[in-house]
Amino acid sequence: LSYADIYDFSSKKQGLKKFQIDLGIYHMELDIPWEEPVSEDKWPLVEKYCVNDVIATEKVFEDRKQDFIARKILSELSGLSVNHSTQQHTAKIIFGDDKKPQSSFVYTDLSKEFPGYSFNGKESVYRGESPSEGGYVYSEPGMYESVAVLDVASMHPTSIELLNLFGPYTHRYSELKTARLAIKHKDFEKARNLLDGKLKQFIGDSDNDAESLAYALKIVINIVYGLTSAGFQNAFKD
């Protein structure tokens, strides 16, 4: 009965009221107890409230339309319905029908890969410093000029790739990353031939088509890295 849920496919997780504030949409409260009957003289007020709610929802959908397009693309790639979650689509695209992909994962001994690394069961330590489990952050407060900015393209996805984290499934994840970078650099022909040619239908003649696909692939790539260390069970949990 449900085709898609805006809150579910939106990459920005927040309630309707917060969206109304952000988008400058009129917000209306209805100070009537939901569990009690409403007197007939207040029916027009309830109607006005419901109409405002629908209009606001339509405005939110227009604002999150790119997320909706991305979800439809993921649905085409995975074969699941639009109503399945991004996590479910991603698992299907990478692991197929394997219900226990972790049995094929490669668990690298990082102390051998990176001399000076240790893990005590709770915290990582590298060369005497804690890099934290999310990434090393170091700063010297102050004001600086002529600062160089260096960025590693798809650093976390590349870490998964080089460690062969998903074993026989790593190449599927690598193709997703390669496809996104190819589209970013407008190498559409290369992208068309990846993932068994499934991307061809989404790469049209305009840059807008390619951007929609690149956005969908970015969602998949980013969610995977977070899921490998999530606090809840999922197909990617390392």
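The values are calculated or read from the model by the stated rules, or taken from the named source; none is laboratory data. On a predicted model such as this, the values are computed, not experimentally measured, just so you know. All Cβ positions, glycine included, derive from the backbone under ideal geometry; neighbour counts span all protein chains shown. Side chains included, ligands, DNA and RNA excluded: accessible areas come from the protein's heavy atoms. Shrake-Rupley method; radii C 1.70, N 1.55, O 1.52, S 1.80 Å.
Residues considered: Phe114, Phe188, Phe95. Largest GNM mean-square fluctuation over the chain, using C-alpha springs under 10 Å, is found at Phe114. Please give the contour-minus-distance gain from Tyr136 to Met28: 0.36 nm per residue of separation, less the Cα-Cα distance, rounded to one decimal in nm. Length difference between fully extended and current span is 34.4 nm. Average accessible surface for the chain: 66 Å² per residue, computed with a 1.4 Å probe over protein heavy atoms with every protein chain in place.
Looking at the chain, the pairs of alpha carbons with a distance over 32 Å make up 40% of the total.
Projecting the Cα atoms of Ile183, Trp43, Thr108 onto the charge dipole of the chain (Cβ charges, centred on the Cα centre) puts Thr108 farthest toward the positive pole. Annotation for Lys200 and Glu58: the two label points, set 7 Å from Cα along the Cα-Cβ direction, are 3.9 nm apart. The helix-only estimate of mean residue ellipticity at 222 nm for the chain, built from DSSP H runs of length n ≥ 4 each weighted as -39500 (n - 2.57), is -14000 deg cm²/dmol after division by the residue total.
Report, to the nearest whole %, how much of the accessible area of segment 30-71 belongs to carbon and sulfur atoms, 1.4 Å probe, protein only. The computed percentage sits at 57. Stretched out straight at 0.36 nm per residue, the stretch from Tyr3 to Ser118 would grow longer than its current Cα-Cα span by 36.7 nm. Dividing the convex hull volume of the alpha carbon atoms of segment 113-238 by its residue count gives 173 Å³ per residue. Could you give the distance between the Cα centres of segment 173-188 and segment 79-146, to the whole Å? Spelled out, the Cα-based centre of one part sits 21 Å from the other. Whole-Hz Karplus values for segment 44-61 come out as x, 5, 5, 4, 4, 4, 5, 5, 4, 5, 5, 4, 5, 4, 5, 5, 5, 4 Hz, taken residue by residue from phi with 6.51 cos²θ - 1.76 cosθ + 1.60 and θ = phi - 60°; glycine and proline positions read x. The calculated FRET efficiency for the pair Asp109 and Arg172, based on their C-beta separation and a Förster distance of 41 Å, comes to about 0.95. Using only the C-alpha atoms, the convex hull of segment 49-162 corresponds to 272 Å³ per residue. For the chain, a crude dipole built from +1 on the beta carbon of Lys and Arg and -1 on the beta carbon of Asp and Glu, taken about the Cα centre, is about 880 debye to the nearest 20.
Based on C-alpha pairs under 8 angstrom that are at least 6 apart in sequence, the chain has a relative contact order of 19 percent.
The GluC sites (Glu not before Pro) of segment 1-71 that meet both conditions, a loop assignment by DSSP and at most 13 other Cβ atoms within 10 Å of the site Cβ, are Glu29, Glu35.
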